[in-house]
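One structure is given below, encoded as structure tokens.
The values are calculated or read from the model by the stated rules, or taken from the named source; none is laboratory data. All values derive from a computational prediction rather than experimental measurement. Counting neighbours? That spans all protein chains shown, and the Cβs are built from the backbone with ideal geometry, glycine included. Ligands, DNA and RNA are excluded from the accessible area calculation, which covers all protein heavy atoms including side chains. Shrake-Rupley method; radii C 1.70, N 1.55, O 1.52, S 1.80 Å.
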Amino acid sequence: MPPKKTPPPKKTAPPKVSEPLRFAHPFFTTVPKSKRKAIPGVGKGLAEYPATALLLEPIPALNRNPPTMTLDEIIGTPGVKQVQAAGSITFHAVGDTGSPDTMTEVISGAMAADYDIANPGSSPAFLFHLGDVIYYDNTDKGYLAQFYTPYKHYPGKIIAIPGNHDGEMVKYDQPGQPSVGQSTTLAAFQENFCQAVTGVPPAATTIYREMIAQPGVYWYLNAPFVDVVSLYSNVADGPGYISDSNVIGTDQKTWLTATLTAVAAQRKKGPRKALIVAVHHPPFSGGGHSPSPAMLKDIDDSCTKAGIMPDAVISGHSHNYQRFTRYYPFSGVNMQIPYYVVGCSGHGIQNVAHADGAKIDDHTFDSSLYGYGYLTITVDPGKITLKFTEVLKDGTKQPYDKTVVVDLATSQIVPA
């Protein structure tokens, strides 16, 4: 018998649906997440999306304006006198801790060993967190597990700028699911770092950690020997932005220019203090996350208008260690400015390219580490000293990379 012929498939019309989306999801939009209509079971957007400007969120209003802090607000007047008597100020800098990760507590313990109760003036004045304090759970429970518990034995005060994960909103509007996020960007960060008055936040529960009343999510610290200007670079996974013409606006950049102008004017009167700029997203990066050229352009523009450049720049975001040197002619001086990425202080680390010192445009990539650690910065009237310490998984710590010394009189990197 001849084989049966297979009948041709029946032609069917495509199912009728509502008008198709232009893109695969409705979150490719300039509408801020806080103003979007929630989709049942999905929410208002992706936790992370690389289309940068599409995920920017408005910057919360400042608690006080201008957002200026002095060191006595952090460690008290007697503490300031101890720092002044020591003739220098030292502080730790870390980034990208978050999540209940054992390495966060291991690194916290390594830093705690740098404190000497008998010599408080020469001990670190505080810990400066460069953002991504919390990952994925911006609630009191999340802060207890990811911040207060890992740092429960760290004796120093902790101040911070937010990272992208601190500002994101995750799953808070999904029906039938427990909340693991926040309904307003940076709400939890402000509850813990920007309180109305200094005290122990409710999220710390039985862990006694006094947190200060930071004036906002970006701020200026006027301290002995050093001025620290700290910026908020928003919620995109990368790159970062401190201003735009749509969602963020230009208030932060306007403030940055005015603040740097005031610092420059004070410097002319003397004494000449160091200037450190801090921002979560790195201006330069050789791996883990991309650099942020538009953000760097904004910072450079404010610096140019103010007539002053930073003596050092510190960032996080990329989960590794990186050091760059920028060779920047400014006001007749060929400045050598170290740029650090210290996003390796607890959260899972990311690959990074080998740093061979080769020059790229106006900077060299001088050192990198696929590993964990923290930065120690010491400033006295004549110099900034920056030292990175690697911390192994068993808690062993060891120097990594050369100690960088910036001579404040010449703006040059000199031998340690």
Give me a comma-separated list of calculated 3J(HN,Hα) values for the range 352-363, in order, Karplus coefficients 6.51, -1.76, 1.60 applied at θ = phi - 60°, integers in Hz, x for any Gly or Pro.
9, 5, 5, 8, 10, x, 5, 7, 10, 6, 9, 9
Longest the chain segment clear of trypsin sites (Lys or Arg not before Pro) sitting in DSSP loops (not H, G, I, E or B) with at most 12 other Cβ atoms within 10 Å runs 38-392
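Please give the length that would be gained between V414 and D116 if that part of the chain were fully extended, namely 0.36 nm times their separation in residues minus their C-alpha to C-alpha distance (nm, one decimal).
On the way: separation 298, 0.36 × 298 = 107.28 nm, distance 2.84 nm.
Residue separation times 0.36 nm, minus the Cα-Cα distance, leaves 104.4 nm.
Any idea what the alpha-carbon Rg over 2.2 N^0.38 Å comes to for the range 96-227?
1.08
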Measure out, as a whole number of angstrom, how far apart the alpha-carbon centroids of the range 197-220 and the range 83-106 sit.
16
Which far-off residues, 5 or more places away or on another chain, put their amide H under 5 Å from the one on K157, with H placed in the peptide plane?
L127
In debye, nearest 20: dipole of the chain around its Cα centre with unit charges on the Cβ of K, R (+) and D, E (-)?
1260
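Given a 1.4 angstrom probe, what's the average accessible area per residue across the chain, in square angstrom?
Numbers: 18140 Å² over 416 residues.
Value returned for the chain: 44 Å² of accessible area per residue.
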Counting all Cα-Cα pairs in the range 194-350, those more than 29 Å apart amount in percent to 23
Per DSSP H run of n ≥ 4, the term is -39500 (n - 2.57); total these for the chain, divide by its residue number, and report the mean residue ellipticity at 222 nm rounded to 500 deg cm²/dmol.
-5500 deg cm²/dmol
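Give the range of the longest stretch in the chain that excludes all chymotrypsin sites (Phe, Trp or Tyr not before Pro) found in loop regions by DSSP and having at most 12 other beta-carbon atoms within 10 Å.
Values: sites that count: F23, Y208.
Free of exposed loop sites, the longest segment is 209-416.
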Using θ = phi - 60° and the Karplus curve 6.51 cos²θ - 1.76 cosθ + 1.60, what whole-Hz ³J(HN,Hα) does each residue of the range 254-271 get, with Gly and Pro shown as x?
4, 4, 4, 4, 5, 5, 5, 4, 5, 5, 5, 5, 5, 4, 5, 6, x, x
How many lysine pairs does the range 253-403 hold where the Cα atoms are under 18 Å apart and the two sit 8 or more places apart or on different chains?
9
Sticking with the crude label model, points 7 Å out along Cα→Cβ, report the distance from D407 to D251 in nm, one decimal please.
4.4
Using 7 Å Cα-to-Cβ label points, what is the D72/V200 separation (nm, one decimal)?
2.6
Determine ³J(HN,Hα), in whole Hz, for all residues of the range 341-347 in sequence, where each value follows from phi through the Karplus function 6.51 cos²θ - 1.76 cosθ + 1.60 and θ = phi - 60°; x replaces Gly and Pro.
10, 10, x, 10, 10, x, 6
If amide hydrogens are placed 1.01 Å from N in the peptide plane, which non-local residues have theirs closer than 5 Å to the one on D237?
Y49
Over the chain, volume per residue of the alpha carbon convex hull, in Å³:
209
Under 5 Å between amide H atoms, partner at least 5 residues away or on a different chain: which partners does M335 have, H built in plane at 1.01 Å?
Y328, F330
